[in-house]
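Read the structure below first, then the notes.
The values are calculated or read from the model by the stated rules, or taken from the named source; none is laboratory data. This is a predicted model, so every value here is computed, not measured. Here Cβ is always computed from backbone atoms with ideal geometry, including for glycine, and neighbour counts include all displayed protein chains. Side chains included, ligands, DNA and RNA excluded: accessible areas come from the protein's heavy atoms. Shrake-Rupley method; radii C 1.70, N 1.55, O 1.52, S 1.80 Å.
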Amino acid sequence: MKWPTLSMKSNKNDFSYGIDSTIAQILALTTTYLFSMKIGIDMMTPTIIIGAITDKDNNTSYHPLSHISEEQTSWIGSLIYLFPPFGSVVVSFVQDRFGHRVCMMMANVTQLLSVATLMLSYDPSGLYVSSALMGFNVGFVTSFSLSYCGEVCEPKLRGILTAVINLFYFAGYLCVTILYSVTADWRLSVLFTAMLSIVNAAILFKTPDSPMWLMSRGRTDEAKTTFIKLRGGVSEDKCAVEYEDMVHYTSEINLATAGEKREMSPIKDLLYRFIEPEMLKPLQLLMIMIFFTNLLSGIPYTPYLISVFDKFQGSFHPAWATTVYMAFGVAGNVLTIFSINKLGKRFLALCTMATCSVCYLSIGIIGNVLPSSPITSWIKMMLFFMSTFFSSMGIMPIVWILMCEIFPIKSKNVGAGVSSATYFILSFLMTKFYLDLETFTGFYNTFVLFGFIGLIGLVYLHFQLPETENKTLNEISEHFKCKNMKADVQASPA
């Protein structure tokens, strides 16, 4: 077979299959999107539980848990961030052997199990278990969703369609907060969300496996058929360049992996992959970027949002303020979908990180300097709303998009797993010890601290973050093999 070479610039980034291809890819990703919505619901569930427990004005709150300590509250809010790495580890083994569809079937079962566990929780220990199980599901789903989206989408649409994952994630946040604001009952709110898993079970029968995974397992005919379906059923000639690039990419990885396995043990093979430039450089970039992103996207505040809005002293109920906060996040994600292809990931990441840093610094300065009044309360709330809008528009979805783009296929599952584990471990530490930090520094000083750290992150990303929009996975991998990491950093999508 004659392989396409890296010099074929004119064809590689200009695939255009028409609306049928776009529809086919969206339909294939529908299950992934619904899974993302459910994990958004799971991530927000501790927030509404803690809000119900601590809300003294809500007479319908769940009173048997109203006397839990602040320490128990911090565990309920943070355990969901501790267990995703375990889900990521499990899915890395299942996904390589059995493919994405089997992972989706398993995720559906575990998500329904987490709802059942939550319904049967009547003391703090029960909530610990349900929070841990939801955390496991989050890690399990996140890992296969990102790799699946990265592998089935054409380069031109990969950034947009992957950004939709984050949109559904925030839609899950918004869904459960609206339900809680309306019903004032966290159990009933969570029970309603179980319908998503039932709908997903029906859609799953039409979801194909990734062509890249099928190719890696030697099922070439099935991989080719699936690939053509995902490109809207176009002729083989029209998608030949992209298909052969995928074959070439997968074959090179399989040959390299087979050679490494003959020469070294699995443990040595794994360690060797970590020191390869195309694995080590993107992993380092992502881990540092995740730290800054978590601080500026409101992760430390998320379990305690109702309390945060109570301290802002706004004029409407903190539960509804939390709903509005999530609505701003959804709006930001919608804008990402329409802007990422035109503006590029690098530009969006830098601009939104700068804006979020300014918002946080402004909240801290206003809260510390100006006396509390209805006007200053509204200003602080609007700045907080704008911070989630811009983080959801740029830095937050871009981190997750990069996870499915910048690792070579032979290390993609490991790289995405380690990166997502880093995200959740940092999130656990930030949420678990946030209350201690607030006690030590003061509420508004946390905003000043996070905003200042965000400016440091802005400088780092300016020099280290490359543009990956409208680039093939092969081209992105080649960039990180280069000794000069700054190559093509200023390139913008056409």
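Numbers at a glance
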item: Condition met for D245 (at pLDDT 80 or above, of a type in the set (D, E), over 22 Å from Y423 (Cα atoms) and more than 24 Å from the chain's Cα centre (by Cα)); result: no
item: Residue check, S36 assigned to a helix (DSSP H, G or I), among the small types (G, A, S) and modelled with pLDDT under 80; result: no
item: Region 78-91, residues that are open to solvent by 30 Å² or more (accessible area, probe 1.4 Å) and in a helix (DSSP H, G or I); result: L82, F86, V89, V90
item: In region 373-403, the residues that are surrounded by fewer than 24 Cβ atoms within 10 Å (Cβ to Cβ) and either assigned to a loop (DSSP other than H, G, I, E, B) or at pLDDT below 85 (or both); result: S373
item: Tally of residues being assigned to a helix (DSSP H, G or I), open to solvent by 10 Å² or more (accessible area, probe 1.4 Å) and more than 30 Å from Y33 (Cβ to Cβ) across region 331-372; result: 8
